Each structure stands twice: as C-alpha cells, then as structure tokens.
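The values are calculated or read from the model by the stated rules, or taken from the named source; none is laboratory data. From a predicted model like this one, the values you see are computed outputs, not experimental measurements. Here the Cβ positions follow ideal geometry from the backbone for every residue, glycine too, while neighbour counts run over all protein chains shown.
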Amino acid sequence: MAKRRITVTGTGYLGATHAACMAELGFEVLGMDVDAEKIGVLASGRSPFFEPGLTEVLARNVASGRLRFTTDPAELAAFGGAGAVHFLCVNTPQSADSDAADLRYLNLAVDALAPHLNEPCVVVGKSTVPVGTAAAVAERISALAPAPVETAWNPEFLREGHAVADTLRPDRLVAGVASAEAELALREVYAPLLADGVPFLTMDLATAELVKTAANSFLATKISFINAMAELCEAADADVVELAEALRLDPRIGTRFLEPGLGFGGACLPKDIRAFTARSREIGAGPALTFLQDVDRINLRRRTRAVAVARELCGGSLEGKLVAVWGAAFKPDSDDIRDSPALAVADAAAGEGALVTVYDPQARDNAAKSFPHLGFADSARDAARDAHVIVHATEWQEFRDIDPVEAAGWTGGLRIVDCRNKLDAAAWRAAGWTLRALGRPAAGR
C-alpha cells in the first residue's frame, strides 16, 4: 500500500519543522505558504529562522525530492490526492484589541484549501487554538469542500531549540478525532514513532485542544510560582536558587520549570494563557482561570524588577548611563524575539534615558529590525565596552562561559545583573564585580 501524501499549510516555526520531519520519516511532503520569499528560502533547503538541526533536515529532504514547497493551495490538494493528510500549521497570535486568539490566518488557510479538496482526505490542525475551534473548522471545511473530508486535531508540543528532536522523538502524541478514518490516518503518519513506543492518546476534538493550552498554562504557572518566590526572597533576604533546589527534591513538585529569573516569553506561553483566559470567559467558565491573570502579572513584574536592579547599581538613575544587555532572543538556541523578556528590559532601560547596546549570538538582526532605537554589537565584549552596568538577560552558554577576570578589562563599571541566575556569582565577585542576581541576597553568601 502506497504511503499517504502529506501537505503542510503554514511554514513558520511549526510548519517548516513539521514538513521537514515528515519528509525525514519517508513521506512525500508539500509545504505551502503565502510568503513567496520564505518559500524560496525553504525550497533551497535552508531554514528562514535559526533552529538547531533544522537546516540539515531540510537540505537532506529537499535534495532527495521528498520535500517541496509552493505558494498555491490548489497544488496542495492536487499533490495530496485521495487519502492525503493535510496539516494546518498557521500562526494563531493574540488579537490586536483583546487577549483572545486571532484565528483569521487559520480561517484563511481553510478557505484557501477546502474548495480544492476534490477527493476524500483528512485535514489535521496542529495550531494552538481556543477550545471549540476544531469543531468550527470541521463545519467550515464541510461547507466548502467538494469531497468528504475528516477533521482531526493533533496539537504540537515543540520547544524552540529542540524542535526537530521533539517532532521525531516526542514524549506523546495527542489525536483529537471524530472518526475511525481520521485516527487511522494519524496512526499511519506516525507509525515509525509508535513503533518506537511513543504513547498515542486518542480523544475528542475539544479535549485535544485543551491538552495544549492546559499544558502551557501549567508550565507558565510553575515558572511564575518560582518567580513569585523570588520576589519574596528579595524581601526576606533569602535565596530563591537554594529554595528551588530544595523544592525539586519533592517528588510531588518535580524538577523542571523551577528556574527563577526573568520569566517566560516567546510566541506561545504569554499569548496562550491570555487566550485561554479569554476563552474561559466566553464559555462561562471565567472564574476557573482567573489565577492565570496573576501568573501573567508575576511574569511581567520580573522584567520591571530587572530594570530596577540595574537602576540601583547605577546610583538610582539610568539617565545617560551606558547599559549592555547580553541577550535578545526570548530563550537560548533561538533567534525568536517575540515577547522577549530581554528586549523588554532593554527597551525599558532606554525609556529611562539609558544608552543601551544589545548583543545576541543569533537574534541580532531580528531585534534590530523591531527595536531600531537600541544599539547593537557584534560581540559580548563590544556590547560591554565602557558600560556602567551589564544585564545578563538570555542564558546563552556563550555568556555563561565568559571569564569574569577577562571581562573586567572590557568595562569600567564592573556591575552586572544576572537575570537568569546562571552565572557563577562567586567567581564574578572574586574578580571584582558587583553582581546582583534576581531573587538572591544582594551581598551574596
């Protein structure tokens, strides 16, 4: 029996990774996007964004002929044929005028593809959406498609910096299905992963949608919890890093996502918890998720606190001070600056009159386009030159490996704010630096 063909609509972070990895599993794959420039980059076997390992997978599968790209939705349907699995991987950002998810790109994708579906097939959503969206998409497709089409929802759980591994070796696969045909199609697509023992969970459409938003909300809550403890530790002259270490040893709590620091950012957690809260109000369950508003506020307060500590180190004012910010991406091993805590701190410092210079190993170009009023350097050393204070804002290994003795020769200020609690505080202080770390005693111990 011939393998089903796969198409992927949307070639952003999720879609490009999914398309490349499906080809890596041996499928013939066609990716589609309305951005012709992006499609040109992908068709050449290159990634339009930084993600470790993705360019190699793209290049290998484009060269083999298993992976191609187009800007024509009609070509997707013709390529897929009968039994195809069409994945929807478009962005669902926060609406401009509310906390709700903006579903226009998803609806546009459906409207572009569905009228060309002339043979029975399966459309699978992977985008993160408010509960109830999958059912609405199914109705929309049914009204527009000439042939019978099954709809399923298969949420993604990718971590930026680990997306290829998370696609090819996931910790679980979730399939929201309403028919045996949809379940069979997803089992065939993921057969190599199921053979390796990856758990495959089937459920209704609404529950599958909730799995992703609930997971992100739980992770955001853990991160904000430990940062709330950081606030308390600062007031009590306690050490949040030592507190977190003790909490991790409790099996009821677990070891992960108890990293005190500058908080979360990126394209997922902030907008997902806001959309989850907004959707809960729409369906009459608003009180169930009011705590997520506090989670959001705690997270944003860490950014404000980082600026306050930098201000304190500069004698109470940032006006006219030279501030170096190490980091622009929202997390290491990424060039994604969406809702970046590092850039929020840099922007806030500039708003107080500081002369800010930012360095990031991968995100410089993206950051410079969105924050043209900030200065940008080609190295951590160049950013730190003559700075009154350095703010360590994204925990790239490059910054953690910096020799504090050598760095002391780069700048006269010898003041640094460790927003991520990843620097060796004792070593930096021994080298003559005044180091302040969020949630830790000012003088160290």
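Numbers for the structure displayed
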| quantity | calculated |
| --- | --- |
| Candidates Phe200, Phe264, Phe257, Phe218, filtered to the one that is buried (at least 22 other Cβ atoms within 10 Å of the Cβ) and aromatic (Phe, Trp, Tyr) | Phe264 |
| Sole residue being loosely packed, with under 13 Cβ neighbours inside 10 Å, in a helix (DSSP H, G or I) and modelled with pLDDT of 95 or more, chosen from Glu245, Glu209 | Glu245 |
| Neighbours by Cβ (under 8 Å, 6+ apart or cross-chain): first from region 119-135, within 17 Å of Leu108 (Cα to Cα); second assigned to a loop (DSSP other than H, G, I, E, B) and of a type in the set (Phe, Trp, Tyr) | none |
| Candidate set: region 195-252, residues that are basic (Lys, Arg) and under 20 Å from the mean Cα position of the chain (by Cα); chosen: the one nearest to Thr304 (Cα to Cα) | Lys222 |
| Scope region 430-445; condition closer than 22 Å to Lys321 by Cα and not aromatic (Phe, Trp, Tyr); matching residues | Gly432, Thr434, Leu435, Arg436, Ala437, Leu438, Ala442 |
| From Leu414, Leu374, residue being closer than 20 Å to Asp336 by Cβ, surrounded by 14 or more Cβ atoms within 10 Å (Cβ to Cβ) and touching a Ser or Thr at 6+ places or on another chain (Cβ under 8 Å) | Leu374 |
| Count - residues of region 127-158 that are assigned to a helix (DSSP H, G or I) and more than 23 Å from the chain's Cα centre (by Cα) | 10 |
| All positions within region 57-88 that are in a strand (DSSP E or B) and farther than 20 Å from Asp35 by Cβ | Val85 |
| Condition check for Arg429: within 20 Å of Ala306 (Cα to Cα), free of Cβ contacts under 8 Å to residues at least 60 places away in the same chain, in contact with a Lys or Arg (Cβ under 7 Å, 6 or more places away or on another chain) and of a type outside the set (A, V, I, L, M) | no |
| Some residue of region 102-113 being within 17 Å of Leu186 (Cα to Cα), part of a loop (DSSP other than H, G, I, E, B) and at pLDDT 95 or above | no |
| Single match in Ala425, Ala387, Ala407 (criterion: touching a strand residue (DSSP E or B) at 6+ places or on another chain (Cβ under 6 Å), surrounded by 14 or more Cβ atoms within 10 Å (Cβ to Cβ) and closer than 19 Å to Thr357 by Cα) | Ala387 |
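Yes/no per residue for (1) under 17 Å from the mean Cα position of the chain (by Cα); (2) not in a loop (DSSP other than H, G, I, E, B):
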residue: Thr277; (1), (2): no, yes
residue: Asn299; (1), (2): yes, yes
residue: Arg303; (1), (2): no, yes
residue: Val307; (1), (2): no, yes
residue: Glu312; (1), (2): no, yes
residue: Val325; (1), (2): no, yes
residue: Phe330; (1), (2): yes, no
residue: Asp339; (1), (2): yes, no
